[in-house]
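Just so it is clear, none of the values below were taken in a lab; they were calculated from the coordinates. Note that the coordinates shown come from a computational prediction; the quantities given were computed from them, not determined experimentally. Please note: Cβ atoms are built from the backbone with ideal geometry, for glycine as well, and neighbour counts cover all protein chains shown.
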Amino acid sequence: GLEETLCTMKLRHNIGESTSPDAYNPQAGRFKTLTSIDFPILGWLGLAAEHGSIYKNALFVPYYNVNANSILYVLNGSAWFQVVDCSGNAVFNGELNEGQVLTIPQNYAAAIKSLSDNFRYVAFKTNDIPQIATLAGANSEISALPLEVVAHAFNLNRDQARQLKNNNPYKFLVPPPQSQLRAVA
Amino acid sequence: PQENECQFQRLNALEPDNTVQSEAGTIETWNPKNDELRCAGVALSRCTIQRNGLRRPFYTNAPQEIYIQQGRGIFGMIFPGCGETYEEPQESEKGQGPRPQDRHQKVEHFKEGDIIAVPTGIPFWMYNDGQTPVVAITLIDTTNLDNQLDQIPRRFYLSGNQEQEFLQYQEKEGGQGQQQEGGNVLSGFDDEFLEEALSVNKEIVRNIKGKNDDREGGIVEVKGGLKVIIPPTMRPRHGREEEEEEEEEDERRGDRRRRHPHHHHHEEEEEEEEEWSHQVRRVRRPHRHHHHRKDRN
């Protein structure tokens, strides 16, 4: 049975400017993640990959990799990155340009703001079914907490806690504020 | 483990050797560099939460197993992408539209003797709603494959500005000595980033970063008690005697089934119906003959 399985295993899968991204916002950008679920040989390697593009002044909300380290390589353009450790120290806070590599360790929080019209990157993940968790936006870790837990943990009143939970309607990619909205090409 | 790390001449009984005080409790840790713990590839901590104490939400870079040695309360975990399935009915205030009530992911009760399993990177919080302090022993499996950092456990707090319970061992070892200023995973971002990402004002951002929070540590006091959406705890259904009673009942039922096979079909059906409609109580009614055949669904 080797011929039907290992010897003929699919070894190539395109994730470049994919026509069917996993997340897409016409004013903010898109990204697609390739895991062992849609590319089985990655299960053998224990790796995954993600290709993303973020438009000018759009934001990738603060997030963290739940179960993987992420090695991010810039394909095009530049963006402002911040990476924070468990003690709240910004271990990276700067611009990343084309051809540069940034390693985002597991569980470290990261956020990205694009400085180019089409900031593109590929991120290699050291787990074949990588998970990310967002710390802001719809369905984020904070919006899924009880209101009173948010209020007491963050030292906020109920109304402020409700704002923190519900104000940002976007899940991953936040379009630039109205003032900076890029002219739609 | 590294070469002959488990080559013991003798084993030692270990006590916690570091305590981090909080506003409403303490967190004690054993040094993960101890040979016994390093060989086992684990780290250990003991958390004591006073009445009305809330352990702030945090996640860790390795799986955790928590044993509740004493006390009771509620806890929650946040699984990325899962829905907020606990929601309050919408209340419409006089003359206004429905006020947005709260909704959140599942919240559960815990009590003495429970084991709580927390996967890697999953935020977890707990609250003591009982009368006695909660004492929870946590084992962190630092050599688990899910952990892709080193063997020092890191607690990534979502809020507050508490110090790291385990990083002291690394600092002492490395001789860096300097006390890391406590913080949380959001306090390292620029204010502008957070204002834009969370769509909130500067004042809320300052609170998120723990700037206006002088409450000490990872366990804070909730004055007046914590109100969350959670079903009331069921009274304990099974005392030992009730269990024995049920076993006798099951035996009796088994005998009856043998003596009058055709009856039990209904009876069984009736009992099933009873059990279904009286979820907790087991109600037995004397068997009545049905004149029409009941359709089974």
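Some values worked out for this structure:
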item	result
Mean shadow area of region A:38-185 over all directions, Cα convex hull, nm²	10.4
Residue among A:Arg162, A:Arg12, A:Arg120 with the largest mean-square fluctuation in a Gaussian network model of chain A, springs linking Cα atoms under 10 Å	A:Arg12
Full-extension gain in nm, A:Ile129 to A:Cys7, via 0.36 nm per residue minus C-alpha separation	41.6 nm
Span from the region A:145-171 Cα centroid across to the region B:54-73 one, whole angstrom	22
Point-to-point label distance, B:Glu15-A:Glu98, nm (Cα→Cβ direction, 7 Å offset)	6.4
Most mobile of A:Val84, A:Val149, A:Val122 in a GNM of chain A (Cα contacts under 10 Å)	A:Val149
All lysines inside 26 Å of A:Lys113 as judged from Cα atoms, apart from same-chain residues fewer than 8 positions distant	A:Lys32, A:Lys56, A:Lys125, A:Lys165, A:Lys171, B:Lys202, B:Lys209, B:Lys211
